[in-house]
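For reference, the structure is listed below as structure tokens.
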Amino acid sequence: MSHWLLIVVATPAHSAIAGPLTYRSAVPLAAGTLVRVPFGRREVLGVVWDALPDCGDMAEKSIRDIAGALDGLDPLPATWRQLVTFTAGYYQRSLGEVALAALPPQLRDLTGLQLARRLKRPASTTEGTPDITKLIALSIQQACAIAQFDAETSEKQRPALLFGATGSGKTEVYLRAAAKVLAEHPEAQVLVMVPEINLTPQLQARFEARFAHLGRARVVPMHSGLTPAQRLKGWLAAHSGQARLVLGTRMAVFASMPNLRLIVVDEEHDPSYKQQEGARYSARDLAVYRARLETTAACETTRVEAKICRVLLGSATPSLESWQGTITGRYQRLDMEERIGAPTLPTAGGSLPPEGAAAPAARQSRFCGPGLNSPDTGMAVVPATQILAAAGQLPTVRRVDMNHQPRHCVIAPPLLAAIGQRVARGEQSMIFLNRRGYAPVLACLDCDWKSDCPHCSAYRVFHKIDRTLRCHHCGFTERVPRACPSCGNVDIAPVGRGTERLEEHLAELLADVRRPDGEPVRIARIDADSTRLKGSLESQLARVHAGEVDVLVGTQMIAKGHDFRHITLVAAVNPDGALFSSDFRAPERLFSLLMQAAGRAGRDARHSAASEMWVQTFHPDHPLFEALKRHDYPAFANRELAERQAAGLAPFGFSALIRADAKTQDVAQGFLNAAAHAAQLQQLPGHEHVTPYPAVPMTIQRVADVERAQMLVESPSRKALQGFLAAWQPVLFETRRQADFKSLVRWAIDVDPLAI
Ligand code: ADP
Ligand code: ZN
Ligand code: ZN
């Protein structure tokens, strides 16, 4: 008697085999069981997806036997398989690719014996009770946010969006929400996601400290910076239920967690939640979907208890998709408008903020549900205003109109003076410019030679430190030539400015400024170049925190997340580019970046009242900067949404990009246009609601000697677009096989693309 199983293995995305394969097993195996199976000449890891109806001993030669099951591992939960199935379908990839990519790589290479050794459990840790004496008292708005989150009564337990200013204390809300779930259900698990690896250590330390009573190894990290062995260990801990809390980057959305009851997505607007290769999933969107999957109603007959999994998204500048969700009521909105220690009470009659400071949009008393005296902790709630001295305002935003500054000046005189004053007072400044290297182009002053990359349609960037020309797209690097390669002229000069040059320039401009101790100014730079070596980012950040740096120059890397305490001035040197970009999401990204950057200033209570955010711009009256000045995200978002609605753009319309790479543009575009033409001829499902645009070259059309083209496909209906894409896939495969497109290198679909 043998059992037939449908098993999913890692299949190349573009192979003919997309679905599960049939294998035979001597014993019945539950869906979700991990197995090793022969595949071609190799033996590979697979996941049992389903059992076929009993086929008796029917001899079928082509059906092979499985090599064995990974004993000792519980099957992957049904919700995990549902999530993988959904991801593969929605993002138009093969089931096998998504399923196996969602498992730790080391699992593929382990023998059953090795696995058994890993699974030897550490002496089970006993759980203590939380030490509530160490808890900080919640601010009123934190208590309100938590009470509202808990009071969500809608049957579906809507996803919640914590709309909290930078420094409003969102992390404490996540901690309390997690603590409550973990305390209420002895087996419950919580998933916390952050956008970037280098933000995990800080947060991990906070979660570990807070949940120390759960015992060792109950909080596990999950991100690509771990060694394969660490990843496997964390994954096994989550899968077995041992880990109560998983903290990770976007990949963690696929963690196998049998008892998941809360998912937190911090900085939910961050573009890093979107995977940029393979299955191009949005981890935020999948988190929302997964929470719904993990929520099950009680069942009388099987006596299964109801299980609720909530999702809590948090941001000071939510994605417009999520913001729109709160407007339509699909999402619950929780507001925390003020920084911890803001000088005004949330009730009417607080002292007025000083001239120019942020005036919170709504100061009327808001709904504040039950539970002000936080029953889960037994702690009274004290307004934060009573804990910290008056402080905690958002920085004043100053726009410098570059039309009225000396021509070609990089740092306008008033900004330079302001930085000088900070240095003299012993305070820190942060200057950011989104372009690394010394200069984006090197050019000959005599002829028209420029530092093009021979392999890309882009310039190579001049890096003065090692005197190289480096292509930021393909990596091609050469020594800077002594003379113009085209005419021999020795006068070749940098054009434009990157962080390296800005650092050098600032050192010259501030040469005469003295610190309070009489010493010269200390300038540091943090960007992808200065942090290439392992550990160098940490050590540089530590120098900033220790006050060993007066002026910090960097790219957006420094604008995010880091809790710098002593920075009182933040400046964006040249943010205008995004205002008129062809990418409709560019303003959204700029606004959130500037708000994040502003959020770095004045975090220390003593300095916050005098902290400033400077923006150098040729368009000081642009509504984006007007909204920034008032720290008014809702104004920005609502205006942006109105524009998008008029244009049928996300979140009001849906889109996908089909990308094609080939040796020539003709082939890349030809492939896309031919596939679109075929779709039209075949009247694919949904086609009447779907608009494919003609193929165009990508902005940087050639990278590493490959020509790149893309085709935008739009629809007002998500469902129509989904149906169309699913039906179009086989057509694309078919088109790929035509002789004309032999030289096509690759193609891929990006659903809900972030950059267009
Ligand atoms: P956000 O993530 O909203 O930008 P954080 O969670 O980093 O803000 O909190 C900002 C700072 O305020 C942190 O240093 C945190 O320890 C502190 N903080 C948070 N809640 C409270 C509170 N209730 N009382 C005092 N300090 C708090
Ligand atoms: Zn020349
Ligand atoms: Zn290149």
Task: Under-5 Å amide H pairs with Val706, H placed in peptide plane, nonlocal only - done: none
- [ ] Specify which residue in the list Gln669, Val461, Ser25 is farthest towards the positive end of the charge dipole of the chain, using unit charges on the beta carbon of Lys, Arg (+1) and Asp, Glu (-1), about the Cα centre.
- [x] Ser25
- [ ] Over the chain, calculate the relative contact order: mean separation of alpha carbon pairs under 8 Å at least 6 apart, over the residue count, as a percent.
- [x] 11
- [ ] Assuming a ≥ b ≥ c are the square roots of the Cα gyration tensor eigenvalues, decide whether the chain counts as rounded (a/c under 1.5), prolate (otherwise, with a/b larger than b/c) or oblate.
- [x] oblate
Task: Cα-derived Rg to Rh of region 216-355, Kirkwood definition - done: 1.07
Open item on the list: Residue by residue through region 530-543, what is 3J(HN,Hα) from phi via Karplus (6.51 cos²θ - 1.76 cosθ + 1.60, θ = phi - 60°)? Round to whole Hz and write x for glycine and proline.
Closed with: 7, 10, 5, 6, 4, x, 6, 4, 4, 5, 5, 4, 4, 5
Task: Cut-off under 5 Å, modelled amide H: who pairs with Ser611 long-range - done: Thr396
Task: Hz values of 3J(HN,Hα) by residue in region 86-98 - Karplus curve (6.51, -1.76, 1.60), Gly and Pro given as x - done: 4, 4, 4, x, 5, 9, 6, 10, 7, 4, x, 4, 5
Task: Least to most buried among Thr499, Thr153 (fewest other Cβ within 10 Å first) - done: Thr153, Thr499
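How about region 511-605: which trypsin sites (Lys or Arg not before Pro) there are in a DSSP loop, with at most 12 other Cβ atoms within 10 Å of their Cβ? Each step should come with its number before you reach the end.
Working: sites: Arg514, Arg522, Arg525, Arg532, Lys534, Arg543, Lys560, Arg565, Arg585, Arg589, Arg600, Arg603; in loops: Arg522, Arg532, Lys534, Lys560, Arg565, Arg585, Arg600, Arg603.
Passing sites in region 511-605 are Arg532, Lys534.
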- [ ] Grab the Cα-Cα distance for Ser224 and Ser717, subtract it from 0.36 nm times how many residues apart they are, and report the gain in nm with one decimal.
- [x] 174.0 nm
Open item on the list: For a 24 Å ceiling on Cα separation, which of these pairs sit above it: Lys170/Lys719; Lys274/Lys719; Lys156/Lys180; Lys307/Lys560; Lys274/Lys629; Lys464/Lys560?
Closed with: Lys170/Lys719; Lys307/Lys560; Lys274/Lys629; Lys464/Lys560
Task: C-alpha center-to-center spacing [region 271-305, region 616-674] in angstrom - done: 27
Task: Note, ³J(HN,Hα) from phi for region 401-410, Karplus 6.51, -1.76, 1.60, rounded to Hz, x at Gly and Pro - done: 7, 6, 5, 10, 10, x, 4, 6, 6, 8
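Any read-out appearing in this document is the output of simple, stated calculations on the displayed coordinates, not a laboratory observation. As the structure is a computational prediction, the values presented were derived from the model and not from experiment. Here Cβ is always computed from backbone atoms with ideal geometry, including for glycine, and neighbour counts include all displayed protein chains.
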